[in-house]
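Colleague: Right, I'll just put the structure down here and ask away after.
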Amino acid sequence: MTPIHGWLSADRLQRVAEDAIAVDPFDHMTKDHRYIYSNTGAVGIVDRPNQGALKDKLFASVQVTHDDATESDMHKLITAYTESAASPKECTGKGRQTARKGA
C-alpha cells in the first residue's frame with residue numbers, strides 16, 4: 001500500500017482523483033461525496049477537528065499494487081486512513097505550517 005496525503009485548495013474530490021494514481025474521477029463515489037475508490041486506489045476527504053481559519057482541504061490517497069483487492073476493500077481502507085489522519089494529534093494547523101516552512 002502507498003498512502004499519500006496533502007493540503008490542497010481543490011474544492012472537489014473529483015479534481016483530486018484526476019491527479020491520483022490508481023483511481024479515476026469517474027470511479028465509485030460514496031453518496032456523501034467524501035470518497036472515490038476503485039479496486040486499485042482511492043481518495044478521500046479528511047475531516048479536520050479544529051479547522052479554524054485554514055481554508056485548504058486535507059485529502060488522502062491510497063494505492064495498492066496487488067491484484068486481489070476489491071472495491072469494498074479499498075472503500076474500507078480509505079475510510080480508515082482518513083479517520084486516523086483526522087485525529088487531533090495528526091491533523092493540526094501547526095503541523096501544516098511546519099511542513100510548509102520546511103518545503
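Values quoted throughout were computed directly from the atomic coordinates according to the rules given, and no laboratory measurement underlies them. Since the model is a prediction, treat every value here as computed from it, not as a measurement. Positions of Cβ are backbone-derived with ideal geometry, glycine not excepted, and every protein chain shown enters the neighbour counts.
Colleague: For a quick check: sort F59, F26 by the number of other beta carbons within 10 angstrom, fewest at the front.
Modeller: Ordered from fewest to most neighbouring Cβ atoms within 10 Å, F59, F26 come out as F26, F59.
Colleague: Which ³J(HN,Hα) values, rounded to whole Hz and listed in residue order, are derived for region 43-48 from phi using the Karplus coefficients 6.51, -1.76 and 1.60 in 6.51 cos²θ - 1.76 cosθ + 1.60 with θ = phi - 60°, glycine and proline given as x?
Modeller: Going residue by residue, I get 10, x, 8, 8, 6, 9 Hz, with x marking Gly and Pro.
Colleague: A follow-up question, please. Sequence-distant or interchain residues sharing an amide H contact under 5 Å with Y35, placed H: which?
Modeller: Long-range HN contacts for Y35: T30.
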